[in-house]
1. Taking the residues in region 118-132 that are touching a Cys at 6+ places or on another chain (Cβ under 8 Å) and not charged (D, E, K, R) as candidates, determine which candidate is farthest from L93 (Cα to Cα).
2. If we scan region 172-179, do we find a residue that is within 25 Å of the chain's Cα centre (by Cα), surrounded by 19 or more Cβ atoms within 10 Å (Cβ to Cβ), assigned to a strand (DSSP E or B) and small (G, A, S)?
3. Need a quick list: helices (runs of 4 or more DSSP H) entirely within region 53-142 having at least 1 residues that are under 15 Å from the mean Cα position of the chain (by Cα) and modelled with pLDDT of 90 or more.
4. Please pick out the residue among H198, H216 that is out of contact with any Gly (no Cβ under 9 Å at 6 or more places or on another chain) and either surrounded by fewer than 16 Cβ atoms within 10 Å (Cβ to Cβ) or under 19 Å from G100 (Cα atoms) (or both).
5. Being modelled with pLDDT under 95 and in a loop (DSSP other than H, G, I, E, B) is the filter here, so list the residues in region 143-171 that pass it.
6. Across region 219-243, what is the total count of residues that are among the aromatic types (F, W, Y) and either closer than 21 Å to S98 by Cβ or free of Cβ contacts under 8 Å to residues at least 12 places away in the same chain (or both)?
7. Name the residue that is farthest from V95 (Cα to Cα), counting only residues in region 248-275 that are charged (D, E, K, R) and modelled with pLDDT of 95 or more.
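The values are calculated or read from the model by the stated rules, or taken from the named source; none is laboratory data. All values reported here derive from a predicted model rather than from experimental measurement. Glycine gets a Cβ as well: all are built from the backbone with ideal geometry, and neighbour counts include every protein chain shown.
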Amino acid sequence: METQCLFSRFCSKSVIASSKNPRNPLSSSPPFHSCPSCFVQSKNGVSFTPQCFPASQKLRAISRLECTNSVAKVNNVVSEKEDSKTWVKRKRLAVFVSGGGSNLRSIHQACVEGPVNGDVVVLVTNKHACGGAQYAAGKGIPVILFPKTKDEPDCLPSDDLVKVLREFEVDFILLAGYLKLIPVELIRAYPRSIFNIHPSLLPAFGGKGYYGMKVHKAVIASGARYSGPTIHFVDEHYDTGRILAQRVVPVLANDTAEELAARVLREVRSINYMWR
């Protein structure tokens, strides 16, 4: 519609300009041009009939030429705007996981294929042998262990996590199945820049202890007819930040937790595009 509007505007101006400009050789003809030296051959012989060429025909030809040039200009402007998108700074993402990393795979794939204008530059996990950490290592993504515990002595302490993420120049933090509570220091360092992906329609089936398959089993056991993923801001508590996006999927009769989880995961991939 925008192109059509520009098209009509350029066309109307072009016709007026060409018909009124005395310096334009294409518009120097009078309204009708008579050619007395031209003859029309008829069946009865030759008759001296002047041929008249309406100037409107020439103006239509001029209009088509000018409009074609105008459309080309419009297309060039649109092309330049599209090209400018490639110069938008790609966001640098840190993804936090604790398990198999299905959401991590979805996010990373969206970054690589283009829907998300960003890159996963670092993975943070509290389990060095989890599937998410193995996936990241296989893709050349640095892996950081956090928080430091007796079972994971090589993990970073809370005081150092913010510093390390700053060194990676992280813009946004995405919690994709991360089971630990985020320290206040990190929330303050990244205000409104930490997001959590939860596999239920919050506030239902959220809070401490609701994660992974436990969520889907609880949804089925409750008799709920609908479920779906939620993306929300992260605050100092579990699953209580402001909701940003949700997708709804049906809970079918005889659904297993695995079947429901797969259905929810497909919708997670669609709302991952909010970071583009």
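1. Only one residue fits best here, namely N126.
2. no
3. The qualifying helices (runs of 4 or more DSSP H) are 102-113.
4. Numbers: H198 fails: out of contact with any Gly (no Cβ under 9 Å at 6 or more places or on another chain).
When all the criteria are applied, what remains is H216.
5. Selection gives F146, P147, K148, T149, K150, D151, E152, P153, D154, C155, L156, P157.
6. 2
7. Of everything passing the filter in region 248-275, D255 is farthest from V95 (Cα to Cα).
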